[in-house]
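Input: a single structure, listed below in structure tokens.
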Amino acid sequence: MLKPTLIKAAKASGALIKEKINSKFLIEHKEGPNNLVTEVDKASEALIMNIIRESFPDHYILSEEIGALEMDSSYKWIIDPIDGTVNFANGIPLCCVSIAIEKDGVIIMGAVYNPMLDEFFFAEKNNGAYLNDHRIHVSDQHQVKHACLVTGFPYSYLNSENGPLEVFGRLIREGIPVRRLGSAAIDLCWVAAGRFDGYYEHKLQAWDSAAGFLMVEEAGGKVTDFKGDYYSPYQPHLVATNRKIHDELLKWISNTHQ
Ligand code: IPD
Ligand code: CA
Ligand code: CA
């Protein structure tokens with residue numbers, strides 16, 4: 001029942017996102033002027049939660065807009081009702097819904113759906129990653145200097161050593177293409193599909209990355225924090241690659257490449 005419920009919730013949310021993307025909707029500001037939430041984010045969240053609750057009323061839910069609905073359960077649903085809200089609010093068709101299921105602290109299933117491109121990504125632990133039911137795999141690129149990368153930036157400036165602008169500058173000064181799509185979940189899925197060779201970001205939340213992280217792992221890629229340690233979605237740093245450029249990309253991020 002977990003998989004059909006996950007798919008039903010992601011498809012229903014995707015249909016809503018597609019219906020509303022170019023309509024008029026209420027936009028509110030969270031912290032800072034550019035961190036937005038629209039009424040569609042909230043409607044998508046309510047829709048997803050109702051679908052989960054119908055089948056699993058006692059599961060724990062962690063969702064971006066409503067926060068943690070704690071339950072004494074070994075299952076936790078981690079939801080981003082619209083990832084890429086700024087894109088959504090501007091009618092840019094690079095946004096999606098992202099839903100992951102964690103069991104006993106391990107992400108076991110994830111779905112990311114961009115309804116505008118009709119791209120439905122699904123992954124299950126030890127059972128592969130799929131785009132519209134076709135198995136996907138990471139790329140073969142083995143050198144950062146020939147790689148196509150993607151990153152994202154937080155809503156407020158991070159003035160830390162090797163912060164987002166420093167790392168971005170370091171890579172683009174070498175002529176390495178680094179894209180910025182504006183949706184962490186899509187960035188991760190596109191690494192899984194082999195479109196990007198690597199992705200890194202300095203400040204993510206669990207709902208941005210939980211489903212996409214499993215997508216990359218199940219497509220044969222590697223996901224770690226900036227030190228190269230096993231990735232936990234409950235800390236901010238993420239590096240996701242095709243595995244082959246992983247160690248080298250970590251060095252570019254920490255400025256220890258030669
Ligand atoms: C944001 C997007 C963006 C990333 C930000 C996230 P939201 O999520 O994933 O790509 O750079 O860090 O907060 O606000 O659109 O759900
Ligand atoms: Ca997000
Ligand atoms: Ca969001």
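We did not get these values from a lab; they are worked out from the coordinates using the rules stated. Just so we're clear, the structure is a prediction, and the values are computed from it rather than from any experiment. For neighbour counting, all protein chains shown are included, and Cβ atoms are generated from backbone atoms with ideal geometry for every residue, glycine included.
Given only helices, namely DSSP H runs of n ≥ 4 each adding -39500 (n - 2.57), what is the per-residue ellipticity at 222 nm of the chain, to the nearest 500 deg cm²/dmol? Walk me through the intermediate numbers first.
Values: 7 runs with 82 residues, N = 258.
So the helix-based figure for the chain works out to -10000 deg cm²/dmol.
Counting only pairs 8 or more places apart or on different chains, how many lysine pairs in the stretch 2-135 have C-alpha atoms closer than 14 Å? If you can, show how the numbers build up before the last one.
Working: LYS3/LYS11; LYS3/LYS76; LYS3/LYS103; LYS3/LYS125; LYS20/LYS42; LYS30/LYS42; LYS76/LYS103; LYS103/LYS125.
So the count of such lysine pairs works out to 8.
For the chain, the relative contact order comes to 17 percent (Cα pairs under 8 Å, sequence separation of at least 6). The ranking of ILE107, ILE78, ILE176 by Cβ neighbour count inside 10 Å, starting from the fewest, reads ILE176, ILE107, ILE78.
Arranged from highest to lowest average of other beta-carbon atoms within 10 Å per residue, in what order do the peptides 24-34, 53-63 appear?
Details: 24-34: 10.5, 53-63: 16.1.
Most protected by this proxy first, the peptides run 53-63, 24-34.
The packing ranking of peptides 41-48, 151-158, 207-214, highest mean first, is 207-214, 41-48, 151-158, where packing means the average number of other beta carbon atoms within 10 angstrom of each residue.
Do any trypsin sites (Lys or Arg not before Pro) in the stretch 119-211 lie in a loop, going by DSSP, with at most 15 other beta-carbon atoms within 10 Å of their beta carbon, and if so which?
Values: sites: LYS125, ARG135, LYS145, ARG170, ARG173, ARG179, ARG180, ARG195, LYS203; in loops: LYS125, ARG180, ARG195, LYS203.
Passing both the DSSP loop test and the Cβ count: LYS125, ARG180.
What percent does the relative contact order of the stretch 144-254 come to when contacts are Cα pairs within less than 8 Å and at least six residues apart? Display every interim value, and only then the final one.
Details: 204 pairs, mean separation 31.6, N = 111.
Relative CO of the stretch 144-254 lands at 28 percent.
If you bin all the Cα-Cα distances of the stretch 144-254 at 10 Å, starting from zero, the percentages per bin are 16, 55, 28, 1.
Residues whose amide H comes within less than 5 Å of that of ILE136, counting only those at least five positions distant or on another chain, are ALA129, TYR130, LEU131 (H built at 1.01 Å from N in the peptide plane). Sorted fewest first by neighbouring Cβ atoms within 10 angstrom, GLU218, GLU64 come out as GLU64, GLU218.
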